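Nothing in this text is a laboratory measurement; each read-out follows from the coordinates by a stated rule. In this text, all values refer to a predicted model and were calculated from it rather than measured experimentally. No Cβ is skipped: glycine too gets one built from the backbone with ideal geometry, and neighbour counts run over all protein chains shown.
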Amino acid sequence: MHFASQQRTAIGRTVIAAIIVVVLIIAAAGAVYFLSSNSSSTTSSSSGSNTSTSSGTGAPITTLTVDDETWPNGNLNQLNSIGAIPYPNWLDYTVYQSLVTVNGNVLYANGTLKLLPMLASSWNSSASGDTWTFQLQQGVKFSNGDPFNAYQVWGELYGLYYLSGNSSGWAVGYSVFNMNNANFGPSTIALMTQSGLVNPNAQLMSIMTDKNWPIYVVNQNEIGFNLLGPFPYFPQMWVQFTGLIFDTQYVLSNGGFGTPAAFNTNFNAAPIPGTGPYTVTGVSVNSYVQFTQNPTYWAASWTPAQVAANPYMDPGHVKNIIVTTKTDDVSRYVDLTSGAADIAPILQADWSNIVDNSKFSYFTQPSDAANIVAIALNTQRYPTNITMFRQAIAHAINYTQVSDDAFLGTQGGGLTPMMGPGYPAYPQLYDLGNLPAYQFNLTLAKADLAASKVNVATMQPLDFRVIQGCGVCSSTAQVVAQDLSVLNIPVNVLVTTPSQYAPPYVAGAGTYQQEVNESQTISNIMWFGTATFAPDEPTPADSWLTWVSNETSANNWAIYSNPIVQTCVNDLTNGSPASTITSACTAAQAQVTADAPYIWLGSVKLFFGGGSIVYNNQIVKSFLGDPVFSGQSSSAIFNTVQFVNGQDL
């Protein structure tokens with residue numbers, strides 16, 4: 001679960017209980033780990049510099065220091081990826097690379113997402129669209145020297161399936177596979193351990209190459225996938241989380257995957273090797289992680305033109321990186337101003353100091369970023385179970401005031417109006433009926449309230465629950481409470497600690513049916529997620545499959561379901577033709593808009609909504625965030641950092 005104050009907050013969708021077990025088993029705070037297997041990372045990459053020159057001083061920079069506001073939930077253990085953690089994942093693209101990536105933070109051209117190769121060199125689908133094959137990069141090795149191949153990928157994906165409790169939605173909620181033919185479990189893992197994945201024995205090969213299984217090996221450099229039906233966004237499922245590839249052979253040699261109830265915690269502070277441009281060379285739990293350039297990085301010899309066309313492949317421009325946890329915003333601001341940190345997230349309390357200081361620049365989202373904020377209304381509990389009452393709330397909110405006051409609209413931030421559940425970034429399924437965003441209209445709000453027949457004079461105050469530390473959440477809640485007071489609707493704003501921001505107080509952390517069962521103890525009004533919300537994977541189906549589905553494993557914060565809407569959700573993954581999906585989802589869009597289970601506040605401009613990633617512009621020239629705009633990380637993807645006077649590619 002992503003319990004951070006101002007960053008991406010989608011709670012993991014699958015086997016939440018198992019993930020919580022893993023999260024709670026944390027190494028003692030302050031324990032320092034030096035990873036000898038990676039400590040030899042001392043040589044430079046051939047196409048990037050290991051030192052950069054700071055502006056003005058001429059002094060070489062051998063270490064880049066990056067502050068972040070929270071230690072990763074799920075630690076550094078990539079086995080947790082089935083639950084959309086670790087978050088923030090500082091190892092995203094820096095240590096673990098994906099099969100497929102996208103073109104930096106300028107993702108959309110005329111509504112088209114541009115996919116780029118990473119560990120998969122190419123991919124193609126059958127004419128029917130229900131079989132895909134991925135050709136893998138050849139000659140790639142993990143940082144410890146183990147080979148990357150289709151056997152490793154096969155072992156990882158089925159291992160994650162096993163850890164999910166054999167859930168059909170193990171791939172971060174995308175139920176696109178028929179897993180019935182996959183007879184994978186402890187005996188298969190034992191065979192993998194006995195055989196190894198470098199040169200699998202005949203018995204394991206016969207299983208791996210069985211094309212009746214949903215995932216199968218074609219040959220050493222090619223892996224295939226059988227889907228329930230055509231899913232045109234299938235390659236985009238592998239950009240992050242379960243698409244990040246680790247050394248499965250290393251997992252098998254170091255205790256294995258664990259079990260669905262208890263993941264192997266050996267990798268919490270001693271990460272599994274990856275193929276990326278950096279390796280982890282030191283860890284102090286709840287304090288910092290040290291990274292060093294990978295001397296055997298497979299794309300180190302790429303030309304500047306190749307890297308410019310595929311920027312997440314950058315080998316990096318500085319030898320050492322230190323990412324530190326600084327939970328206090330003032331401490332991060334002091335680090336920036338003193339030079340103790342080069343990059344750090346700065347939030348509302350100190351934002352005006354950043355805007356007023358020419359020494360600092362900050363990361364802004366492109367207009368097509370898939371990063372939104374919303375309020376969820378409990379559709380199962382009185383009185384927010386009444387549609388017209390929810391409509392009254394939707395029309396009583398002063399959205400301009402929320403944008404200006406909570407989201408720094410007068411200081412370089414603000415919100416762009418939207419109508420969910422689709423992301424504006426993905427026009428294929430966004431607002432298919434061209435319906436306007438909810439508007440502040442007090443006259444209409446009063447009429448809606450009267451039509452609801454709720455007696456506000458006798459009703460109990462509505463609980464509006466937000467997570468402690470989320471400034472934009474608390475600020476918005478205060479505006480909403482003030483706006484609803486005009487309708488004489490009483491509201492209590494409840495600030496809740498992260499450990500309590502879960503059932504039975506809020507929705508989002510369990511399956512739809514679990515939340516229905518607990519709905520009378522769940523607050524009437526909740527922040528959607530815990531701050532901003534970005535996709536798990538960059539597909540147009542992402543939000544529909546989670547926010548408004550009765551089959552989701554998590555993130556249906558409104559506890560909302562409707563048969564018309566569910567038809568759209570089902571059609572997205574059951575192989576329905578595009579015309580059927582468009583028709584069903586147009587009707588679903590109208591239904592969701594009329595039902596108002598969510599109050600869509602808008603798309604954010606600043607990375608955290610109420611603040612952003614700030615950098616010293618006399619040292620750092622530019623960098624990329626993660627490819628789904630805070631969906632995987634709350635910091636810079638540091639191998640993409642370019643320096644002002646450095647030897648940039």
* Could you run the Debye sum over the Cα atoms of the chain, one equal point scatterer each and no solvent, and tell me log10 of I(q)/I(0) at q = 0.08, 0.09 Å⁻¹, two decimals? => -0.55, -0.71
* Under 16 Å from the Cα of Lys326 - aspartates and glutamates, other chains or at least 8 residues apart -> Asp67, Asp68, Glu69, Asp335, Asp342, Asp350
* To do: Could you name the lysines whose alpha carbon sits less than 29 Å from that of Lys114, not counting residues in the same chain fewer than 8 places away?
  => Lys141, Lys605, Lys621
* Structure fact -> The size of the Cβ-based charge dipole (Lys, Arg +1; Asp, Glu -1) of the chain about the Cα centre, to the nearest 20 debye, is 100
* Structure fact -> Thr188 neighbourhood, Cβ < 14 Å, K/R = +1, D/E = -1, net charge -2
* Among Gln306, Leu462, Phe360, flag the residue with its Cα farthest along the positive direction of the charge dipole of the chain, charges on Cβ as +1 for Lys/Arg and -1 for Asp/Glu. => Leu462
* **Value of relative contact order over the chain, rounded to a whole percent, pairs C-alpha under 8 Å and six or more apart** => 24
* With a Förster radius of 35 Å, plug the Cβ-Cβ distance of Thr364 and Ala457 into 1/(1 + (r/R0)^6) and report the FRET value to the nearest 0.05. => 0.15
* Structure fact -> Note: Ser206 to Asp356 extended length (0.36 nm per residue) minus current alpha-carbon separation gives 47.5 nm
* Count the net charge of all other residues whose Cβ sits under 13 Å from the Cβ of Leu91, scoring Lys and Arg as +1 and Asp and Glu as -1. => -4
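Multiplying the sequence separation of Asn199 and Ala309 by 0.36 nm and subtracting their Cα-Cα distance, what value in nm do you get?
36.2 nm
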* Summing +1 for each Lys or Arg and -1 for each Asp or Glu, what net charge is found among the other residues whose Cβ lies under 15 Å from the Cβ of Thr325? -> -4
* **Cα-based shape type of segment 372-604, given that a ≥ b ≥ c are square roots of the gyration tensor eigenvalues and the cut on a/c is 1.5** => rounded
* Hey, got the dipole for segment 367-493? About the Cα centre, +1 on K and R Cβ, -1 on D and E Cβ, debye to the nearest 20? -> 400
* Student exercise, segment 372-604 dipole from Lys, Arg, Asp, Glu Cβ charges, in Debye to nearest 20 -> 500
